[in-house]
Amino acid sequence: MHAPTGERLTSLDVCSGAGGLALGLEQAGFDPVLVLDNRDQACKTLRANRPDWEVHETDLMDFDPYEHQHAYDVDLLSAGLPRVKATATVTRHDSGAEIALLRATMQLMYGVQPRALLVENVPDLVTKPGYEEIRAYVAKELAHLGYRHRWFVMNALDHGVPQNRRHGILVAFKGDALDHFEVPPPTVHRHRTVGETLRESMGARDWPDALRWARQADEPAPTLVGGSWERGGADLGPRGSKAAWARMGVDGGTVADHVPDANFHWDPTLGRPGLIPLTVEQAATLQGFPPDWHLAGLKTARYRQVGHACPPPVGRVLGAAIATALRS
């Protein structure tokens, strides 16, 4: 994917995770002067794929831009922040960390003073009354700094990602650049299905039912959910998501080490024993990562990185829209 016309732009990417947002922005013409994440496996993933990136294993709450002044005045501050909890749990203690990171991002704006800001999170952050207080805080801080902002919701499904994954987006610009920003319109006219996306990989070890399975998996994936880093193994999401996966003949309760071989007996009428689990690599494909993107760590850690990531195609279309506005 070639960058838009014009000189390449600079970015500071925080809470980078597996690098989905940063990769998409790179495809749109942004080169990060620094990326940071607080998890060892994520930083190893970033270094493995982009050894020329300056990667810092640092918690956003502890990051001091004064110690990294080459990040001052970048074109874009991008943040794929951990997804906040559902509005029903906004007031619970365990939802505070995500809101604190959003506040930390606003404080980082004071030191970095980027030309533009991009924050990616859940759609509830944009639409639900339970988050009105944090939206008001964001508006106040950005106005104080001289930025104009906009909230909106977009779906990765409309941009070639075979997954029904809605995103809450915040963009902000200095000056009048917001007047030149347009929310990316859908870039595909037909949504891709799980079956057509994974059919080739499902048959890689001569599983004879790969085509029959692909015909049953004839809809986009439900939202992949990374789950808690602190507990549990890898699975594809909550109960409702698992039911949707089962309708496609997929066991959403686990993640496989390998795709099925020629001896695997696929029979959805048997329940979970007759369903086929996906591999981490297949989940990454459904998240829009390129096949050569290496994920560091053991299976559960690798899947967590995938499930928590922003799909690169979403970062690419957002980056292209932001770059256009900055160059106007």
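So for each of 160-173, 177-190 I average, over its residues, the number of other beta carbons within 10 Å; can you give me the resulting order with the highest mean first? Don't skip to the answer; put the middle values down first.
Details: 160-173: 21.6, 177-190: 12.8.
For the peptides 160-173, 177-190, the packing ranking is 160-173, 177-190.
Within the straight-line cut-off of under 16 Å between alpha carbons, the aspartates and glutamates reachable from residue 44 are 13, 52, 54, 57, 59, 292, sequence neighbours fewer than 8 places apart in one chain being disregarded.
The alpha carbon centroids of segment 47-70 and segment 238-310 are separated by 31 Å.
From most to least packed by mean Cβ count within 10 Å, the peptides 69-82, 146-159 give 69-82, 146-159.
Straight-line reach from residue 174: taking Cα to Cα under 28 Å and skipping same-chain neighbours fewer than 8 places apart, the lysines in range are 128, 140. Model label sites at residue 269 and residue 54, defined 7 Å from Cα along the beta-carbon direction, differ in position by 6.3 nm.
Taking 1.306 mPa s as the viscosity and 10 °C as the temperature, the Stokes-Einstein diffusion coefficient of the chain based on its alpha-carbon Kirkwood radius rounds to 78 µm²/s. Look at 229, 266 and count the other Cβ atoms within 10 Å of each Cβ; fewest to most, that gives 229, 266.
Straight Cα distances below 14 angstrom link residue 299 to the aspartates and glutamates 235, 257, 281, with same-chain residues fewer than 8 positions distant left out. Using Cβ point charges alone (K and R +1, D and E -1), the dipole size of the chain about the Cα centre works out to roughly 880 debye.
The antiparallel fraction among DSSP beta bridges confined to the chain stands at about 40%. Using just its DSSP H runs of length 4 or more, each adding -39500 (n - 2.57), the chain gives a mean residue ellipticity at 222 nm of -10000 deg cm²/dmol after division by all residues. Relative contact order of segment 194-305, please, whole-number percent, based on alpha carbon pairs below 8 angstrom and at least 6 residues apart. 26 percent.
We did not get these values from a lab; they are worked out from the coordinates using the rules stated. Quick caveat: nothing in here was measured; it's all calculated off a predicted structure. For neighbour counting, all protein chains shown are included, and Cβ atoms are generated from backbone atoms with ideal geometry for every residue, glycine included.
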